[in-house]
Every structure is written in structure tokens, then in C-alpha cells.
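Student: This is the structure I want to talk about, given as C-alpha cells.
The values are calculated or read from the model by the stated rules, or taken from the named source; none is laboratory data. What you see is a predicted model; the values in this text were computed from it and never measured. All Cβ positions, even for glycine, are placed from backbone atoms using ideal geometry, and neighbour counts span all protein chains on display. We work out accessible area using only protein heavy atoms, side chains counted, and drop any ligands, DNA or RNA first. Shrake-Rupley method; radii C 1.70, N 1.55, O 1.52, S 1.80 Å.
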Amino acid sequence: FDINYSDLAGNQCEEKIYSSGTSNATEFTIDKTIPVIEVSYNNNSFENDKYFKQDRTATISIKEHNFDESRVNFTQSASLNGLPKVAWSSNGDLHTATIVYDTDGDYTFDVSMTDMAGNTNNGVNYKTESTSKSFTIDKKIEKPVISGIETGKAYKGDVIPVIEFSDINYSSYSITLTRTHIDTDNIDETDESKIRE
């Protein structure tokens, strides 16, 4: 906003006096539109409510004219390897952040924003509500370790092998014991064995 004034005699106004309490009199923005946030993932194939065995990328889309990246608040946590980095790009009023989850760990995620006029987003549109805010990336499983027995050795007494396995997201296991004899191969002896945990 600006103003110039001259009277009928041709005198030009040389000074502008703004009323007491007036702020940003010459330049200001009216913004009553709240930011709109949408979150989607490229991988939505999970097991047991929240476990993913492959990488997962989050795409956060924010529609806002008066955007400031520093006003976006991510509420995140990560176990094991720390938080992944956020990469931003913009196209007009659409601002996009991507987060790549490519290491094993438990993750939580949420996002909010207040624009430069103080408007706060009214919730977030999560495309996959059930696994958007809390999920686990688990891409590896340890091999079991068998001890107490040697390959090719003959035993005349009891044979007591020990099977050890560990996994941070352990679910279940199964053990199969087969027997090979001179005239038979791979006879299932699991039910006859005395398996103790």
C-alpha cells in the first residue's frame, strides 16, 4: 500500500503519518487458508500389523502458498540406526518431502505445520492409516546355529544337538528331524524326538 497527495495549488505531500498502533502499513499478506498435508508410502506390503521386509519411502505433500520449511514439524523416533534424512522439493504451492527408510529398525512418524500467517494444518491425510505412524523395517534374519553334534560322526549313546537362534522381531520356529537308514531316506522322526525349549 502507498499513497501520494497534492492539493489544488500543486503542493505535494512530503510526509505520510500512520496512526499509532499501525503495523506493516505498506506491505502485508492476508492468509486465512490452512496448510493441507498428505502422506503416502511406496510400500504397503506388511506382515503382523506393522512389519515390512523391504525398504519403505514416505512422501509428504504440503499444499501451502506461504511456505517455510522450518515451520514443518516432524515428530519421529527410530531405534537401532537413527532417523533418516528428509529431502525437500517444491513446485509452486506444492512442497514435497521424501524420507527413505532403508535400514532395520522401529519407526514412528507424524507431521504438522504452521504457515507464516500462523495457520496450522487441520490433521493429516494418511493414505494407509494403519501403518503410517508406527512401523518396523526388518530385512534380515539370522541363521540358526547348531552345536553339540558333528557332521559325519557316529554316536553310540544319546545325541543331544543344541539349536540356537536369535532375532529382534522373533515370531515362531519349527524343527524337523529326519532319519536316513540303509534302506530308507528322510523318514520324519520329529514326533518321536524329545525336543525341549
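Student: Please check: in the Gaussian network model of the chain (C-alpha springs, under 10 Å), which one of 141, 60, 34 has the largest mean-square fluctuation.
Tutor: 141
Student: While we're here: Among 157-170, 125-138, how do they line up from the highest to the lowest mean number of other beta-carbon atoms within 10 Å?
Tutor: Averaged packing, sorted descending, gives the order 125-138, 157-170.
Student: Let me ask you something else. What does the charge dipole of the chain about its Cα centre add up to, to the nearest 20 debye, if the Cβ of each Lys and Arg holds +1 and the Cβ of each Asp and Glu holds -1?
Tutor: Dipole about the Cα centre, nearest 20: 300 debye.
Student: Sequence neighbours fewer than 8 away in the same chain don't count; with that in mind, list the aspartates and glutamates whose C-alpha is under 16 Å from residue 140.
Tutor: 47, 55, 102, 104, 106, 167
Student: Please list, ordered by chain and number, the residues whose modelled amide H lies under 5 Å from the amide H of residue 101; skip anything fewer than 5 residues away on the same chain.
Tutor: Answer set, sorted by chain and number: 56, 57, 58.
Student: Rounded to the nearest percent, how much of the accessible area of the chain (1.4 Å probe, protein heavy atoms only) is carbon and sulfur?
Tutor: After summing per-atom areas, the C and S share lands at 47 percent.
Student: Ordered by residue, what ³J(HN,Hα) values in Hz, to whole numbers, does region 172-182 give under the Karplus form 6.51 cos²θ - 1.76 cosθ + 1.60, where θ = phi - 60° and Gly and Pro are x?
Tutor: Rounded to whole hertz, the list is 7, 8, 9, 10, 10, 10, 10, 10, 10, 10, 4.
Student: Which value does Rg/Rh take for the chain over its C-alpha atoms, Rh per Kirkwood?
Tutor: Dividing the radius of gyration by the Kirkwood radius yields 1.40.
Student: Can you give the accessible area per residue of the chain, in Å², using a 1.4 Å probe?
Tutor: 76 Å²
Student: Go through 32/63; 32/133; 32/85; 50/139 and tell me which ones have a Cα-Cα distance over 21 Å in this structure.
Tutor: In this structure, 32/133; 32/85 exceed 21 Å between Cα atoms.
Student: Amide H neighbours of residue 177 under 5 Å, counting only residues 5+ apart in sequence or on other chains, H built in-plane at 1.01 Å?
Tutor: When sequence neighbours closer than 5 places are left aside, the close amide H contacts are 189, 190.
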